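Input: a single structure, listed below in structure tokens.
The values are calculated or read from the model by the stated rules, or taken from the named source; none is laboratory data. As the structure is a computational prediction, the values presented were derived from the model and not from experiment. Here the Cβ positions follow ideal geometry from the backbone for every residue, glycine too, while neighbour counts run over all protein chains shown.
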Number of protein chains: 2
Amino acid sequence: MVTQEQAVIRAVTSIDVARLAGVSQSAVSRAFSPGSSISDQTKQKVLAAAESLGYRPNRIPAIMLSGRSCMVGVVIGGLENPFYATALERLATALRENGLQVLLMHVDDALTLDNALDQLVSYRIDAIVTSLAIGSKTVAQALSRLRIPVVCFNSSLVGPWISTINSDNHGAGFAAAHLIMEKGRVRPVWLAGPERNAASLARGEGFLQGLQQTGASHIELTRLQGDDTYDSGYEAMLSLKRQGIRPDSLFASNDMMACGAMDALREEMDLRCPDDVIMLGYDNIPQAAWRSYDLTSFDQCTGKMVARALELLEKAFQAKDSSHSHTHIIDAKLIERGSTRLPL
Amino acid sequence: MVTQEQAVIRAVTSIDVARLAGVSQSAVSRAFSPGSSISDQTKQKVLAAAESLGYRPNRIPAIMLSGRSCMVGVVIGGLENPFYATALERLATALRENGLQVLLMHVDDALTLDNALDQLVSYRIDAIVTSLAIGSKTVAQALSRLRIPVVCFNSSLVGPWISTINSDNHGAGFAAAHLIMEKGRVRPVWLAGPERNAASLARGEGFLQGLQQTGASHIELTRLQGDDTYDSGYEAMLSLKRQGIRPDSLFASNDMMACGAMDALREEMDLRCPDDVIMLGYDNIPQAAWRSYDLTSFDQCTGKMVARALELLEKAFQAKDSSHSHTHIIDAKLIERGSTRLPL
DNA sequence: TTGTATGCGTTATCAA
DNA sequence: TTGATAACGCATACAA
């Protein structure tokens, strides 16, 4: 039988280390604070004692003293969308590189948001970063009330303390329309995301304006409503089939819906991409590059967006009053793949 | 111009609320602690004062007093794999339902792990949950040293304080072999994940044993090495092609590789699934259900795994000494789809 | 460079 | 039910 070590009653504190090392408690603190004035000899004594006791500095008291937790609340929904998952990965990495921890809050719907925010705030997070695309005034007010910096991605939220970093949704929609017109297509479909999603709205408006600007009068735009899921993209094409509409081009508000739509066109309507229908999506998720889809898509350049978010955070942390609001637009990059490449 | 409110110098504390409400600071604490003895009248006074000042309780001091932060460190890698993304979503939801916060730590490789762990521990997290599949002794020792409960998914880590919850990788591999044999296939391929991935190893062993037990002597097993990515699955099939091998069945250690392999078979080798090659994957990621793949897969039942993890955590929190180690196996559920459905 | 003393914002204990 | 007080573990100002 393995001898079980003594159960830990109390965590090892700096006082324990100080006692063992024969120094004061402040010396221990100094030994673990880079740049503080301490002799090498004392430092080594302390570190040795700490090592032997298994001491690990406790950041909690420092939070009380400094008023800064170095934790950022990340509020996210829809991790089943690979776009959000990879964006979270980038964000988490960037935050950590800047010495910030991620207190993650996954919310299914906006209803639970208030409660979630209260929980986050009780941990004295320094800021909130969120990708929730809910464009409601209630949410904006709830966020503003917290009086901590908030950085939103692809939202239309406005208010004190709230900054926004958006992909150039409108411009990308416009570009999609131009690309479709260039290829001579005349029966385009716009497959929208959730109704209250600000990004989807902007993409749709840009697309419409692009068609109007370029298109002759013979353009027949069909608008369909999805909810950003694969299934909704598939279902949208089925509704086209029922209506007897045969599209020749499609722009979807995100890649998941585009993949669903492409599969439905193949399986249910015997239409091929790009021969019969050219297609564009948004987000450039990994699956867009998979050979079965080979989908042209707009890349949001999450790397840039995340970098910008960190600049905003740093600025907010330095300012006394960071209630000032900013909005930034990041260009989306068109990634052309086979779904818009016409055969010679 | 909008009048800017006064910059917040100091957060509102319970003392501020107490002063405004004309009560003691303990009364404020009690007003926000459900179940404590306080008159309705006092409580209302306090809540009103708190509301008007925008006071929000601060959990940080409570962490110092109780020694429990109610934060769980979640260490994860590979969010670009939809399986991990959706698993994280489930885990985060379950933790929150149990009053636990998620302190997220994304690690790219095991090298940065030590550093990452130190950071987590300095926030006095109550436990660690990780899906890292690195089976190294060094990692296990680093985790054990922390002296806090650790719950691993699909790992082979052992040691004090470490509990493990594994999918029945071996059993599933065995079942995959039986399914392939039943369909009369004789040239199976095993497409492994990263070499040091414990789950992949177990799946491969189970598969091999299944083949040996069932198969006649005419079975020719081909083993290929991947790294759990789509591209590695694609590349693996190209290597088969170069060797002039035409498989009739394939079991991949995860769905991403299976998707890559299926695309390569179609695009590069003119082999169709399931007609020429029947295929099975693992994880049952959403994409496995997409029509282009329609991939038979083993579902890890992450819901059950997460529920089990929370049981372990609760148990650990109640026990004085939770250094005892457990291992749990959760059955994987075979989800049969078109990739193993032979035409009549 | 080192040690002493104070304070951070709560909760728990105790007395009233 | 209420209020005063101690305690949590560390960082910092100050004194030595």
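Considered as a group, the residues in segment B:32-47 that are within 10 Å of DNA strand C (Cβ to nearest atom) and closer than 17 Å to A:Gln119 by Cα include one that is farthest from the other protein chains (Cβ to nearest Cβ), and that residue is B:Ser33.
All of A:Ala48, A:Ala62 fail the test of being at pLDDT 95 or above and within 30 Å of A:Leu104 (Cβ to Cβ), apart from A:Ala62. Selection of segment A:44-59 for residues being surrounded by fewer than 18 Cβ atoms within 10 Å (Cβ to Cβ), part of a helix (DSSP H, G or I) and either outside the structural domain of A:Ala27 (by TED's automatic domain parsing) or not hydrophobic (A, V, I, L, M, F, W, C) (or both) yields A:Gln44, A:Glu51, A:Ser52.
Cβ-Cβ distances below 9 Å connect the following pairs, each with a first residue in segment A:206-222 that is surrounded by 13 or more Cβ atoms within 10 Å (Cβ to Cβ), a second residue that is modelled with pLDDT under 85, and a separation of six or more residues or different chains: A:Leu221/A:Gly215. Counting just the residues of segment B:66-100 that are within 10 Å of chain A (Cβ to nearest Cβ) and farther than 30 Å from B:Asp283 by Cβ, which one comes out nearest to DNA strand D (Cβ to nearest atom)? Step by step, filter segment B:66-100, then rank; the result is B:Gly67.
Within segment A:131-155, the set of residues being outside any loop (DSSP other than H, G, I, E, B) and away from every other protein chain (no Cβ under 14 Å) comprises A:Ile134, A:Lys137, A:Thr138, A:Val139, A:Ala140, A:Val150, A:Val151, A:Cys152, A:Phe153. Pull up segment A:48-72, narrow it to residues that are in contact (Cβ under 8 Å) with a residue 60 or more places away in the chain and of a type in the set (A, V, I, L, M), then point me to the one that is farthest from DNA strand C (Cβ to nearest atom). If we take residues in segment A:48-72 being in contact (Cβ under 8 Å) with a residue 60 or more places away in the chain and of a type in the set (A, V, I, L, M), then A:Val72 is farthest from DNA strand C (Cβ to nearest atom). Screening segment A:280-301 for residues that are surrounded by fewer than 23 Cβ atoms within 10 Å (Cβ to Cβ) and touching a residue at least 40 places away in the same chain (Cβ under 8 Å) and picking the one that is nearest to the other protein chains (Cβ to nearest Cβ) gives A:Pro286. Under the condition of being closer than 16 Å to B:Phe174 by Cα and outside any strand (DSSP E or B), the residues counted in segment B:284-304 number 1. Return the residue satisfying two criteria in turn: it lies in segment A:203-236 and is touching a strand residue (DSSP E or B) at 6+ places or on another chain (Cβ under 6 Å) and assigned to a loop (DSSP other than H, G, I, E, B), and of such residues it is modelled with the highest pLDDT. Per the criteria, the residue is A:Gly226.
The criterion of being touching a residue at least 24 places away in the same chain (Cβ under 8 Å), buried (at least 19 other Cβ atoms within 10 Å of the Cβ) and assigned to a loop (DSSP other than H, G, I, E, B) does not hold for A:Cys259.
Scanning segment B:109-130 for residues that are within 10 Å of another protein chain (Cβ to nearest Cβ) and farther than 24 Å from B:Met64 by Cα returns a single hit, B:Thr112. B:Asp275 meets each of the listed conditions (1) surrounded by fewer than 23 Cβ atoms within 10 Å (Cβ to Cβ); (2) touching a helix residue (DSSP H, G or I) at 6+ places or on another chain (Cβ under 9 Å); (3) outside the structural domain of B:Val151 (by TED's automatic domain parsing) apart from (2).
Residues in segment A:140-156 that are β-branched (Val, Ile, Thr) and in contact with a helix residue (DSSP H, G or I) (Cβ under 6 Å, 6 or more places away or on another chain): A:Val150, A:Val151. Residues in segment A:9-27 that are more than 8 Å from DNA strand C (Cβ to nearest atom), aliphatic (A, V, I, L, M) and over 40 Å from the mean Cα position of the chain (by Cα): A:Ile9, A:Ile15, A:Val17, A:Leu20, A:Ala21. The requirement of being among the hydroxyl-bearing types (Ser, Thr, Tyr), in contact with a strand residue (DSSP E or B) (Cβ under 8 Å, 6 or more places away or on another chain), outside any helix (DSSP H, G or I) and in contact (Cβ under 8 Å) with a residue 40 or more places away in the chain is not satisfied by A:Ser200. Restricting B:Ser52, B:Ser26, B:Ser36 to those that are within 16 Å of DNA strand D (Cβ to nearest atom), out of contact with any Lys or Arg (no Cβ under 7 Å at 6 or more places or on another chain) and over 30 Å from B:Ile134 (Cα atoms) reduces the list to B:Ser26. Only a single item in (1) over 13 Å from the mean Cα position of the chain (by Cα); (2) surrounded by fewer than 22 Cβ atoms within 10 Å (Cβ to Cβ); (3) over 20 Å from A:Gly99 (Cβ atoms) is not met by B:Arg90, and it is number (1).
Condition check for B:Ile165 on (1) assigned to a helix (DSSP H, G or I); (2) modelled with pLDDT of 95 or more: one failure, at (1). Note on segment B:166-176: residues that are surrounded by 24 or more Cβ atoms within 10 Å (Cβ to Cβ) and either within 12 Å of B:Ile329 (Cβ to Cβ) or in contact with a Ser or Thr (Cβ under 6 Å, 6 or more places away or on another chain) (or both) total 3.
Looking at A:Ile63, A:Ile125, just one residue is crowded, with 22+ Cβ neighbours inside 10 Å and part of a loop (DSSP other than H, G, I, E, B), and that residue is A:Ile125. The number of residues in segment B:237-258 being within 14 Å of chain A (Cβ to nearest Cβ) and touching a Leu at 6+ places or on another chain (Cβ under 7 Å) comes to 4.
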